[in-house]
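The block underneath contains the structure these notes are about, expressed in structure tokens.
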Amino acid sequence: MGAVIGKKNGVHETAYFNLIETSSLIEMKVKEALKNFGLTHPQFNILKILNGSRPTPLSASHVKERMLFKNPDVTRLIDRLVEKGFVLRRPCQENRRKVDLHISKKGEELILKATPVVKKSIHDFFKNELDANEARALNDYLTRIKQTLN
């Protein structure tokens, strides 16, 4: 990779390209960490969301709202997790038209194994490159950018 950086790009455009390129590299690290668990990053995100909501079930639309990766095909991702036995679908008790999603015991066990591996991958990347003050400053900058985009 290599950001398109040259005299024609201003400092803001260069920052944009660096952000996109860095994001892609971090995503590749996470993808690599999840490969051994047979999960994609969006699937891992869904399992983390369902695990964090336990024991309260969530609908697919609630999962979609909370996802890091805005994916229009959340239903397909959930279908794959159901097929693998990581997520359970049950009819909602209060509204028969609604489907409740729960993380299965198998899904909980997978999250327990995968989370430390993903955290280590991310932590090692940032720890080796940024000290705590630099990481806080980066968080502040990214938060400001996100707030202007929302």
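Miscellaneous remarks
- Selected residue (criterion: farthest from the chain's Cα centre (by Cα)) from residues of the stretch 105-115 that are under 12 Å from Lys48 (Cα atoms) and without any contact (Cβ under 8 Å) to a residue 40 or more places away in the chain: Glu109
- Hits in the stretch 84-108 (condition: surrounded by 12 or more Cβ atoms within 10 Å (Cβ to Cβ) and not aliphatic (A, V, I, L, M)): Lys84, Gly85, Phe86, Arg89, Cys92, Lys98, Asp100, His102, Ser104, Lys106, Gly107, Glu108
- Residue satisfying all of: in the stretch 1-39; at pLDDT 90 or above and among the acidic types (Asp, Glu); nearest to Phe125 (Cα to Cα) among these: Glu32
- Of all residues making up the stretch 13-59, the number that are among the small types (Gly, Ala, Ser) and either in contact with a strand residue (DSSP E or B) (Cβ under 6 Å, 6 or more places away or on another chain) or surrounded by 17 or more Cβ atoms within 10 Å (Cβ to Cβ) (or both): 1
- Residues in the stretch 60-83 that are open to solvent by 70 Å² or more (accessible area, probe 1.4 Å) and either within 20 Å of Lys113 (Cα to Cα) or among the acidic types (Asp, Glu) (or both): Glu65, Arg80, Glu83.
- Residue check for Phe126: among the aromatic types (Phe, Trp, Tyr) and either open to solvent by 100 Å² or more (accessible area, probe 1.4 Å) or modelled with pLDDT under 95 (or both): yes
The values are calculated or read from the model by the stated rules, or taken from the named source; none is laboratory data. Here the structure is a predicted model, which means the values were calculated and not measured. In this analysis, Cβ positions are derived from the backbone assuming ideal geometry, glycine residues included, and neighbour counts consider all displayed protein chains. Note: areas computed on protein heavy atoms with side chains; ligands, DNA, RNA excluded. Shrake-Rupley method; radii C 1.70, N 1.55, O 1.52, S 1.80 Å.
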